[in-house]
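Accompanying notes for the structure given below.
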Amino acid sequence: MQVFTGVERPESLSRWRSGVRGRRWAAGLGRWGQALRSPLGLVAATLLGLVLLLAIVGPILWGERADAIDTNALSQGSSSEHWLGTDSLGRDIFYRVLVATRLSVALALLATAIGVAAGVLLGAAPWLLGRRAGRFAVATINVAVAFPALLLVLFFAVIFGVGIRGAVLAVGLGMAPYYARVTSTLVAGVSGRDFVAAARTVGLGRTRILLRHILPNIGEPLIVNATLGAGGALLAFAGLSFLGLGVQAPSYDWGLLLNEGLNGIYVSPAGALAPGVTIVLAGLAFNLTGEVVAKKVGLRTANVRTAYSPVPPATGDEAPAAGRPDPSPVLEVEDLHVTVTGPAGPVTPVRGVSFAIGRGEAVGLVGESGSGKSLTALAVAQLIEAPGRVDARRLEFQGTDLVHTRGRAKGIGRLLGTSLGVVFQDPTTSLNPTMRIGRQLGEVVRRHLGKGWGEARARAVDRLRAARVPAPERRAHQYPHEFSGGMRQRAMIAMAMMGDPALIVADEPTTALDVTVQRQVLRLLQEIRAENHVAVLLISHDITVVGQVCDRVLVMYAGRVVEDLPSSELRTAARHPYTRALLAAVPGMKADRDRPLTIIPGRPVDPAHFPPGCAFADRCPLADDHCRAVDPALTDDGSGRRVACWHAGEPLPVVTEEDSVGVGEAS
Amino acid sequence: MTTATATPSALRGAVESPWVGFVLRRLRRLLVSLWVLVTAAFFMIHLIPGDPVRASLGATAPQELVEARREALGLNDPLWQQYTDYLRNLLTGDWGSSMTTDVAVSQIIADRLPATVEIAAYAFVVIMLVALPVGVLMAALTRGGRGRRTELAFTSSSVVVAAIPDFLLAVGLVYTFGVSLGWVPVAGKSTVESYILPVLALALGPMAVLARIVRVEMLTVLDADYIRTARAKRLPARWIYLRHALPNAITTTLTVGGLLLGGLVAGTVLVENVLAWPGLGSTIVSSILSKDYPVVQGIVLVYGVGVLVINLVVDVALALLDPRSAIRES
């Protein structure tokens, strides 16, 4: 059975005060109606309606025929006269099953009502009785819930005796602990809310608050749970009657019919199967209805569908990367496209990125959130998963083609596993909580270099030491939750160095850390790069960080590289208005603190709707009609610096204070 | 959840040895539950309206016999003395004797318990052996919107199977494999084949529930950042599923598994009665019907203790697998 404790979304003070409870119930009913209009809901509602209808009209229409004794047909199989056969007294099983609906359903509903009432009383006790008595009540509930309901039912069946009265009480009280648990959870959730606090300040008594303010607010989840519970009660009752502890002849419900039918299962299987199937269907009717409504009211899980259509053909509108410091680069990327599934179909947030990274070179990739920088990094590391998709004219790592093999070939996994290290943004979630650090690090050696755990461990300790983790032997034995945030990121960096990396891709490695730790981690990256001659691709939204750590900076905007220049020239020779705006948005020590912080007006472009012209035009002070119509290509000026702007390097208009105070976000 | 108000020294103590606190908490809970159980079993007889002995022996039994039986059961003593006697007798192994056959309750339990434990244990093993691999496999096959049809078939079939209560499953199985096909005995405990129906009837429902939970849990875990880290290490898919994902999905799986195991105890009562399995379940029902209260009392105790022990084992296993869960709970 599904526990459903979804309290409604924030209920404001004004809502109860203005006395709109009636309207809210109507809204609640509307949601039930809405839930039951889905295909599954329709099936559930129809089934439930049918069961209830049968319960009402069954005995009226067929009561006599069900009791009619046909001495000529004792214990017969199915025939044209008796569709499902007859029982040992020659009574028609089909009609008996139909007529038994009323008693079965009525008893289940009665038991549920008893269970809910007793449960609510018990569950609200902590609220009414105050702390000490309340804790005792909660403890009692917890003990009772630990035992399966059927055992409680058997227990109560002993006390109340065999028969309908005892069985109803037994099933009802057997369910009570469950509803008590649900109620106390719900009450605890609601009693912390503002409107209850307000009612208490006004001086209302606890009982009054419970009746007037709390119960109405937990009514809906309780009713949903009761609907689910009625299905359970129906099954429990059938079980009791089947055992001979519930309904006694000459009355009969489905459970008793099943009991009688089972004895004659060889002669007339229908006698046992028909009530069995009916019990399942009726139970299902209640359960399905409850679950459909529960889903609608409580668990609104956004189900993002993952379908994608072919990517538009790549447009080679970028100049090939030039000015490589090394003739054989570690990484070469040409016209990279990444397509992922958005809320409204596939989008291509990375559209035609080209760059190269030389041996030992540190390249920074900067841009606002949504510029496509992280997807570019993941694509380079071959970590985009289906249904996401990577296309490129060329994607070579260490001279090995990655785009056409997609890591399927055997050697590729080993190459990437040992030569390409990845450091992720959040070390808290990026390390496996159930594995010791040493084991997580050692895996690479074990898998790709075919060494035993002993050697793998030794290497892990060595790399932890290289990443300046104190007491690495002891640390390798620990779990990630025993590490601090900065230490975890050091462990991640150590993990990236387990093989013999030629390139470390670091995706915002310091964003999740606090400021002092950020510097240490950046310094570590720099030192490692110098010591091991390893290239670094550093993704960051912080242009100053990238400027300090990297040799070269790639500025991304709306899925494209818009400027590529040495970081030493960042302050002096940046030509793209976006780069210049990013730099201007960095507050310096000399910034006038009386003036508002400089920001880039406007918002980043939605990857689902790229404009035809320059994507930055809407936020650019230099933009003209040509910019809005024709997208500028990334062009090389001959010295290795690249820029994609029709007005590259033109002086920016003086920004007045009023202009700079506007909507938008600094990055 | 009182970490906010914990004193520094208490905090330090908890950090130094979270296990001591964990074990103490668990023991306390077990003892409280045991006491509630025993007390409830004791009061069961006293809560029965009227004279339980008269009800048991029937309206026609001579008054002297009723009186003698009341005396023998100690029902004429003051309540508190009965209670202490009851506790003492429980501890010394004297659980009373049947009012109808005079056989010692402990003897009845010793005769009947093994059959029940057998089918429950086999059912649990079958559930785990099937549900874990199926759940993991389904997660792998239906990840990221793939295998839409497989998902639909799996989800709908598991929902239907889980919706059928075990005693009705037993009836269906009896009809299909016993009556129609004649492959296995319909009732009773005899050959190895006779175990098939009770074990299947107990296992099918929980199996479906657990496989669904394993799948959902695996899908969540597979989206976690540390799985991306594992992929960045280019480990083979099987390695990632079994060593990185499964241990993280096992906590919930085991919690639910423990609940299912507790539920199995209840399931045996009904299934045993459908299949005439000579275990505790068929005994307790016949004892309730014949108002043989000492036997009912004894068996209720056995069931209760069984559930408590299962809960304890699950908690300890969870704490060993995921050390954080033991600490977090304080």
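Things worth noting here:
- Here A:Pro349 meets the list (1) part of a loop (DSSP other than H, G, I, E, B); (2) at pLDDT 85 or above; (3) in contact with a Pro (Cβ under 6 Å, 6 or more places away or on another chain) almost entirely, failing just condition (1).
- The numbered conditions (1) within 17 Å of the chain's Cα centre (by Cα); (2) more than 10 Å from chain A (Cβ to nearest Cβ); (3) under 30 Å from B:Ile299 (Cβ atoms) are all true for B:Ala266 except (2).
- Any chance A:Ala68 is over 25 Å from A:Phe156 (Cβ atoms), surrounded by fewer than 16 Cβ atoms within 10 Å (Cβ to Cβ) and without any contact (Cβ under 8 Å) to a residue 60 or more places away in the chain: yes
- Candidate set: region A:147-163, residues that are within 7 Å of another protein chain (Cβ to nearest Cβ) and in contact with a Lys or Arg (Cβ under 9 Å, 6 or more places away or on another chain); chosen: the one modelled with the lowest pLDDT: A:Val162
- Residue list for region B:134-158, filter: within 9 Å of chain A (Cβ to nearest Cβ) and in contact with a Lys or Arg (Cβ under 9 Å, 6 or more places away or on another chain): B:Gly145
- Of the residues A:Arg102, A:Arg65, the single one that is touching a Pro at 6+ places or on another chain (Cβ under 7 Å) and in a helix (DSSP H, G or I) is A:Arg102.
- Test: residue in region A:135-149 that is part of a helix (DSSP H, G or I), farther than 30 Å from B:Gln297 by Cβ and basic (Lys, Arg): no
- Note on region A:192-223: residues that are at positive phi and either touching a residue at least 40 places away in the same chain (Cβ under 8 Å) or assigned to a helix (DSSP H, G or I) (or both) amount to 0.
Residue by residue, here is whether (1) closer than 14 Å to A:Thr544 by Cβ; (2) at pLDDT below 85 holds:
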position: A:Ser567; (1), (2): yes, no
position: A:Ala573; (1), (2): no, yes
position: A:Pro587; (1), (2): yes, yes
position: A:Pro596; (1), (2): no, yes
position: A:Ile599; (1), (2): no, yes
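- Residue within region B:217-239 that is surrounded by fewer than 20 Cβ atoms within 10 Å (Cβ to Cβ), among the β-branched types (Val, Ile, Thr), in contact with a His (Cβ under 7 Å, 6 or more places away or on another chain) and part of a helix (DSSP H, G or I) present: yes
- Considering (1) charged (D, E, K, R); (2) at pLDDT below 90; (3) touching an Asp or Glu at 6+ places or on another chain (Cβ under 8 Å), the lone condition that A:Glu385 does not fulfil carries the number (3).
- Screening region B:65-80 for residues that are closer than 28 Å to A:Ala144 by Cα and modelled with pLDDT of 80 or more and picking the one that is nearest to the other protein chains (Cβ to nearest Cβ) gives B:Leu79.
- Candidate set: region A:330-387, residues that are crowded, with 22+ Cβ neighbours inside 10 Å and among the basic types (Lys, Arg); chosen: the one nearest to the other protein chains (Cβ to nearest Cβ): A:Lys373
- Any hit, region A:496-503, residues being in a helix (DSSP H, G or I), within 31 Å of the chain's Cα centre (by Cα), within 12 Å of chain B (Cβ to nearest Cβ) and in contact (Cβ under 8 Å) with a residue 60 or more places away in the chain: yes
- Scanning region A:438-486 for residues that are within 14 Å of chain B (Cβ to nearest Cβ), surrounded by fewer than 19 Cβ atoms within 10 Å (Cβ to Cβ) and of a type in the set (A, V, I, L, M) yields a total of 1.
- Cβ pairs under 8 Å, 6+ apart, first in region B:127-147 and at positive phi, second assigned to a helix (DSSP H, G or I): B:Gly147/B:Leu141
- Failed criterion for A:Ile493 (all others in (1) in contact with a Pro (Cβ under 7 Å, 6 or more places away or on another chain); (2) crowded, with 23+ Cβ neighbours inside 10 Å; (3) more than 10 Å from every other protein chain (Cβ to nearest Cβ) hold): (1)
- Here B:Ser286 qualifies as at the interface with chain A (Cβ under 10 Å from one of its Cβ atoms), surrounded by fewer than 22 Cβ atoms within 10 Å (Cβ to Cβ) and closer than 30 Å to B:Ile48 by Cα.
- Of all the residues in region A:536-564, those that are hydrophobic (A, V, I, L, M, F, W, C), more than 35 Å from the chain's Cα centre (by Cα) and surrounded by fewer than 24 Cβ atoms within 10 Å (Cβ to Cβ) number 1.
- Complete set of residues in region B:22-64 that are under 20 Å from B:Leu308 (Cβ atoms) and away from chain A (no Cβ under 14 Å): B:Phe22, B:Val23, B:Leu24, B:Leu27
- Qualifying residue in region B:184-192 (condition: assigned to a helix (DSSP H, G or I) and away from chain A (no Cβ under 14 Å)): yes
- Residue, modelled with the lowest pLDDT, within region A:280-290, restricted to residues that are surrounded by 24 or more Cβ atoms within 10 Å (Cβ to Cβ) and farther than 17 Å from A:Leu107 by Cα: A:Gly290
- Within region A:255-269, tally of residues that are surrounded by 24 or more Cβ atoms within 10 Å (Cβ to Cβ) and more than 10 Å from every other protein chain (Cβ to nearest Cβ): 2
- Unique residue being modelled with pLDDT of 85 or more, touching a helix residue (DSSP H, G or I) at 6+ places or on another chain (Cβ under 7 Å) and over 25 Å from A:Val162 (Cβ atoms) when the list is B:Leu30, B:Leu37: B:Leu30
- Answer from A:Leu109, A:Leu89 - the residue that is assigned by TED's automatic domain parsing to the domain that holds A:Ile56 and assigned to a helix (DSSP H, G or I): A:Leu109
- If the condition is being of a type outside the set (Gly, Ala, Ser) and not in a helix (DSSP H, G or I), then region A:504-516 contributes A:Ile504, A:Val505, A:Asp507, A:Glu508, A:Pro509, A:Thr510, A:Thr511, A:Leu513, A:Asp514.
- Filter result for the condition that a residue is part of a helix (DSSP H, G or I), of a type in the set (Lys, Arg), in the same structural domain as A:Leu416 (by TED's automatic domain parsing) and under 27 Å from A:Ser639 (Cα atoms), over A:Arg519, A:Arg490, A:Arg529, A:Arg523: A:Arg529
- Counted residues, region B:142-151 - those being within 15 Å of B:Ile213 (Cα to Cα) and assigned to a helix (DSSP H, G or I): 2
The values are calculated or read from the model by the stated rules, or taken from the named source; none is laboratory data. Only a predicted model underlies this, so the values are computations on that prediction, with no experimental measurement involved. Positions of Cβ are backbone-derived with ideal geometry, glycine not excepted, and every protein chain shown enters the neighbour counts.
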